[in-house]
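S.K.: Just passing along the structure, written as structure tokens.
A short reminder: the numbers here are calculations on the coordinates, not readings from a lab. Please read these numbers as outputs of a predicted model, since none were measured by experiment. Here the Cβ positions follow ideal geometry from the backbone for every residue, glycine too, while neighbour counts run over all protein chains shown.
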Amino acid sequence: MIGKTNYWPAEQLQAGVLEAAAVLAEGGIIAFPTETVYGLGGDAGNTKAVERIFAAKGRPSDNPLIVHIAKQEAVYGLAERVSEIEEILMAAFWPGPLTLVLPVKAGAVSALVTAGLDTIAVRVPAHDVARRLIEQSGCPLAAPSANRSGRPSPTQARHVMEDLEGLIHGVLDGGATGVGLESTVVRVLGNQIHILRPGGITREQLLEVAGAEAVIITPAAGSEEAPKTSGLTQAPRSPGIKYAHYAPKGEMVLVTGHSDEQIAVVQEKIVEAKRRGSMVGVLSCTEHTVYYEADFVFDCGSRNHPELAAHSLYGILRECDERGLDFIIAEGYPEQGIGAALMNRLRKAAGGHEITV
Ligand code: TXA
Ligand code: MG
């Protein structure tokens, strides 16, 4: 328990960043906006600060943290080496929602940050407040998403307060985050780019810049795990994969497939659940909302614009709990572009409970 959590509203961010940076320099922990979700930052070189992050989140200590830097140059102080493909990815996507897992330089950060692995995850966030905070504090910031472990990542300062008020030193309110899902985590091995966690940078975007000789290896459906490869390299894994995430309190089912049949199955599921006496919620695409008579129907955005559903998903999952929904039916979206990351998160939220029509 830390006590009072400072809240800096949008109008006070100028002063807020200076005050928050001073708290970070003293080993405190501060939540800040990024373009993906809010992060909970602490000095990556200060073991006490990193311990505070794990404690506030209730995060298992074997799940390593992403280190946030303000400028690409800082990566060379953290990574033992950076390959040509990694250079190309950094040039194309930083600042932005791409995290690179690189061989760690010994002693660069507290061993707690990397959970004892020989690699370090690094990114440059594309958010002015985040970058100013890192620059002002003068240290790379270890920052997981600013939620209690197992809750949806926060996309608004209010979500951070719901989960962590009294447990952290402060939160900078930069309004709603843009992407709404976390960064894409990749590990480059030889000419293979392994996506350990799909996110804000899409497979298609990686393919476009990585060049014809690079191979993009995507994780198996519904997991953050890269499939086993037949080559010399062992498929890398992200320690985060073994933990459950984002699940709302109510039971959730995902219905994927062709749109007409999808509507029929969702309608059927609503009727069944109502008959059992459940409070039913539907996460629907805009095109289908008119077909559903549930206790609450969330309009997640057009089927043709999965970025809207990505932007609003975590807020909606939190609202399912606030509304006391005990049965939630979510429609699947096409898996192109950001749709892949969206479906990854929906599958996790549904605990793998999926009906394909
Ligand atoms: O968009 C984001 O990435 C947000 C914002 C705040 O930057 N951060 C975020 O952090 O989502 P977190 O801690 O919630 O997720 C970090 C993921 C976890 O799945 C973790 O296992 C993985 O990155 N990770 C961190 N270091 C790693 C490493 N050395 N090797 C493999 N995976 C790693
Ligand atoms: Mg997280």
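S.K.: What's the angle, to the nearest 10 degrees (0 to 90), between helix 47-57's Cα axis and the longest principal axis of the chain?
M.R.: With rounding to tens, the tilt is 10 degrees.
S.K.: What does the highest-first list of 294-302, 55-63, 335-343 look like by mean Cβ count within 10 Å? Before the final figure, lay out each step's value.
M.R.: Details: 294-302: 19.7, 55-63: 16.7, 335-343: 21.3.
Packing order, densest peptide first, comes out as 335-343, 294-302, 55-63.
S.K.: Between ASP128 and LYS105, what FRET efficiency comes out of the Förster formula 1/(1 + (r/R0)^6) with R0 = 22 Å and r the beta carbon distance, rounded to 0.05?
M.R.: On the way: r = 28 Å, r/R0 = 1.27.
Using R0 = 22 Å, I get an efficiency of 0.20.
S.K.: Using per-residue counts of other Cβ atoms within 10 Å, averaged over each peptide, order 274-284, 182-192 from highest down.
M.R.: On the way: 274-284: 18.9, 182-192: 22.5.
Ranking, from highest mean packing down: 182-192, 274-284.
S.K.: Arranged from highest to lowest average of other beta-carbon atoms within 10 Å per residue, in what order do the peptides 103-113, 123-133 appear?
M.R.: 123-133, 103-113
S.K.: Tell me the label-point distance for the pair ASN191, ALA25, using the 7 Å Cα-to-Cβ offset, in nm and rounded to one decimal.
M.R.: 4.8 nm
S.K.: So which aspartates and glutamates pass the test for LYS48, namely a Cα distance under 14 Å, with those fewer than 8 places away in the same chain ruled out?
M.R.: Those aspartates and glutamates meeting the cut-off are GLU26.
S.K.: With axes computed from alpha carbons, what is the tilt in degrees of helix 259-275 against the longest principal axis of the chain, rounded to the nearest 10 within 0 to 90?
M.R.: So the helix axis and the longest Cα principal axis differ by about 80 degrees.
S.K.: Report, to the nearest 10°, how far helix 306-322 tilts away from the longest principal axis of the Cα atoms in the chain, using its own Cα long axis and a range of 0 to 90°.
M.R.: 80 degrees
S.K.: Report the paramagnetic label zone for ARG158: residues of the stretch 301-321 whose backbone N is under 17 Å from a point 7 Å from Cα along the Cα-to-Cβ axis.
M.R.: Answer for the stretch 301-321: 311-321.
S.K.: Here's a follow-up. ILE66's amide H: which non-local residues (gap 5+, or another chain) put their own amide H closer than 5 Å, with H modeled 1.01 Å from N in plane and none for Pro or chain starts?
M.R.: For ILE66, the qualifying residues are ALA143.
S.K.: Quick one: what Rg and Dmax do you get for the chain from the alpha carbons, in Å?
M.R.: 20.3, 60
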